[in-house]
Amino acid sequence: MKYFIKTYGCQMNHSDSERIAGVLELANYKKSVEEIDADLVVINMCSVREAAVNRISGNFHKYKKYKISNSNFKTVITGCILPTDKNKFDKLFDLVIDIKEIEQLPERLKNCHSKKDCHSEFSSESSFDNDLTVPMSPEPVIDEMKKYKGQSQKILNQVQDDKNYCYSECSDSEMKSHDTMPKKSKSFVKTQDNDINDYFSINPQYESKITAYVPIMTGCNNFCSYCVVPYTRGREKSRPVDEILDEITNLVKNGYKEIILLGQNVNSYKPDGNTDFPKLLRLINNVPGDFWIRFLTSHPKDISEELIKTVAQCKKCTEHIHLALQSGDDEILEKMNRKYSAKHFLALTKMIRKNILNVSITTDIIIGFPGETEKQFQNTSKIMKEVKFDMVYINKYSPRTGTVSAKMNDDVSWKEKKRREDVLNTILEKTALENNQEYIGKTIDVLIEKKDKSYAYGKTRSFKNVKISYSCYPDLVEGISKRKKTVKVGKFSKIKITQANAWGLEGKVKK
Ligand code: SF4
């Protein structure tokens, strides 16, 4: 049987897909290069944007055709799925499975294959109540929910009455047994730790032989008003230190050069009373071998001076901090439930630059959040100019059903959002170019990621793309020159930077 995994969304989802592949390979499934040749298509879903959900539903007719030509063909959907979307997907896919239960996938498929039409197993009855989309830790957003009158009083009462229970996207009938028809069940179930521990211990099939994503935690307790992650991934859960160190030690032994630690908010890493994220970084830094450590993502309300000093002191930690600003206006930040001010963010970036030499700082910004006035937008432009980001991932706001902000009036027109995006892109282009020009003439370490007949490509410690011309250096191309090759894919090289533009650097091998 051949499988094909289609991944949407962030690095966390890509890391999840490596674990899905690990589970399937262990069950003797083989990877298919093309979707059309697969007997099993697994969609690893991102719910952050409503458009992605609609696109998946809209494209489904393709799988209907595959089913006609291949009677064994099955479809599975997993990843970040809201309870309300799960109802929709139950009707379309053969199997909807919680990512935390993914190690059960082969067993669930076996049951699915033994039925004539397993599709009906899920389509006849829903395990979820369409209207109940409440956060798993209600306290931080109860006020917002009241303010925006987004949820019924009934739900608020349930949440406030019993804070030990959470809303789960997985029905209790599914949690107990997977070989029976899901029944209408209680919407509130106790948080389960076992599933996530099983998930963490899966051996992944890494996509790359150079860079490995290593999840250190999952879930989020922050409840930003526009975000579905706490609803789809649940509360924060940290992975045990030993497991992380074992995985990284093995990766480094197998030649991996770049370890990217993943979590929705790595600053909250707390697997036990003794370990926090700075301590974890120090332990990883002590793993023998020549490799770089990166991490994603940090929340500005939690990032500490201790963490920044640790990054500065640990040789293997790279000089790149991604810190999501989202808005430079305090009122908008409050509506977003971000729990920091623009002033605090600015102070953090100054502290980071003071401690980490040659650091690059990247961020995410949402423009056109409900009610964002021109003046509030100007506050974002102002902070962007002041911080001089190396890269900004700009998102035009669009409401996501099930979140608190979806109940607010999305009153900034798409045209205006586009104009604001263009303004920010112009600022970014200027600051990124200025930052990159600082590299010209310097010789720096670059991790070579790939080569073609014309160039080698790699990344700096500060997460800059570097294009290395080989026209003057025929020794970069296998078979062309008898000279000893000076750059190898998967190795570090000393590269002299010769040119810079806003989006990257160009260089040559240091002789
Ligand atoms: S910190 Fe906010 S934006 Fe990030 S995952 Fe958590 S809720 Fe979503």
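The values are calculated or read from the model by the stated rules, or taken from the named source; none is laboratory data. Just so you know, these numbers come straight off a predicted model, no measurement behind them. Glycine gets a Cβ as well: all are built from the backbone with ideal geometry, and neighbour counts include every protein chain shown.
Would you be able to say whether some residue in the range 425-443 is at pLDDT 95 or above, of a type outside the set (Lys, Arg), under 29 Å from Ile293 (Cα atoms) and assigned to a strand (DSSP E or B)?
There is at least one residue in the range 425-443 that is at pLDDT 95 or above, of a type outside the set (Lys, Arg), under 29 Å from Ile293 (Cα atoms) and assigned to a strand (DSSP E or B).
Ile77 fails exactly one of the following numbered conditions: (1) surrounded by 20 or more Cβ atoms within 10 Å (Cβ to Cβ); (2) modelled with pLDDT under 85; (3) not in a helix (DSSP H, G or I). What is the number of that condition?
Of everything listed in (1) surrounded by 20 or more Cβ atoms within 10 Å (Cβ to Cβ); (2) modelled with pLDDT under 85; (3) not in a helix (DSSP H, G or I), Ile77 misses just condition (2).
From Lys88, Lys65, which residue is at pLDDT 85 or above and of a type in the set (Lys, Arg)?
Lys65
Scan Val412, Val423, Val404, Val392 and give me the residue that is closer than 15 Å to Gln326 by Cα, of a type in the set (A, V, I, L, M) and not assigned by TED's automatic domain parsing to the domain that holds Thr232.
Being closer than 15 Å to Gln326 by Cα, of a type in the set (A, V, I, L, M) and not assigned by TED's automatic domain parsing to the domain that holds Thr232 holds for just one of Val412, Val423, Val404, Val392, which is Val392.
So which residues in the range 209-253 are within 16 Å of the ligand (Cβ to nearest atom) and touching a Lys or Arg at 6+ places or on another chain (Cβ under 7 Å)? Can you show your working first?
Looking only at the range 209-253, we keep the residues that are within 16 Å of the ligand (Cβ to nearest atom), and these are 215-238.
Matches in the range 209-253: Pro215, Ile216, Met217, Thr218, Gly219, Cys220, Asn221, Cys224, Ser225, Tyr226, Val228, Ser238.
Of the residues Phe369, Phe389, which single one is of a type in the set (Phe, Trp, Tyr), under 30 Å from Thr211 (Cα atoms) and crowded, with 22+ Cβ neighbours inside 10 Å? Outline the logic, then answer.
Details: Phe369 fails: under 30 Å from Thr211 (Cα atoms).
Step by step, each of Phe369, Phe389 is checked, and only Phe389 is of a type in the set (Phe, Trp, Tyr), under 30 Å from Thr211 (Cα atoms) and crowded, with 22+ Cβ neighbours inside 10 Å.
Go through the residues of the range 259-266 one by one and say whether even a single one is over 30 Å from Ser398 (Cβ atoms) and more than 16 Å from the ligand (Cβ to nearest atom).
Looking through the range 259-266, at least one residue is over 30 Å from Ser398 (Cβ atoms) and more than 16 Å from the ligand (Cβ to nearest atom).
List the pairs whose first member sits in the range 324-350 and is within 19 Å of Lys388 (Cβ to Cβ) and within 16 Å of the ligand (Cβ to nearest atom), whose second member is polar (S, T, N, Q) and outside any loop (DSSP other than H, G, I, E, B), and whose Cβ atoms are under 6 Å apart, counting only residues at least 6 apart or on separate chains?
Ala324/Thr363; Leu325/Thr363; Ser327/Thr380
Within the range 194-252, which residues are in a loop (DSSP other than H, G, I, E, B), crowded, with 20+ Cβ neighbours inside 10 Å and of a type in the set (Gly, Ala, Ser)?
Gly219, Ser225, Gly234
What do you reckon, is Ile366 within 19 Å of Ala406 (Cα to Cα) and not in a helix (DSSP H, G or I)? Spell out the reasoning first.
On the way: within 19 Å of Ala406 (Cα to Cα): yes; not in a helix (DSSP H, G or I): yes.
Yes: the conditions hold for Ile366.
Every residue in the range 272-303 that is in contact with an Asp or Glu (Cβ under 9 Å, 6 or more places away or on another chain) and either without any contact (Cβ under 8 Å) to a residue 12 or more places away in the chain or more than 16 Å from the ligand (Cβ to nearest atom) (or both), please.
Listed by number, the residues that qualify are Asp276, Pro278, Phe291, Trp292, Ile293, Arg294.
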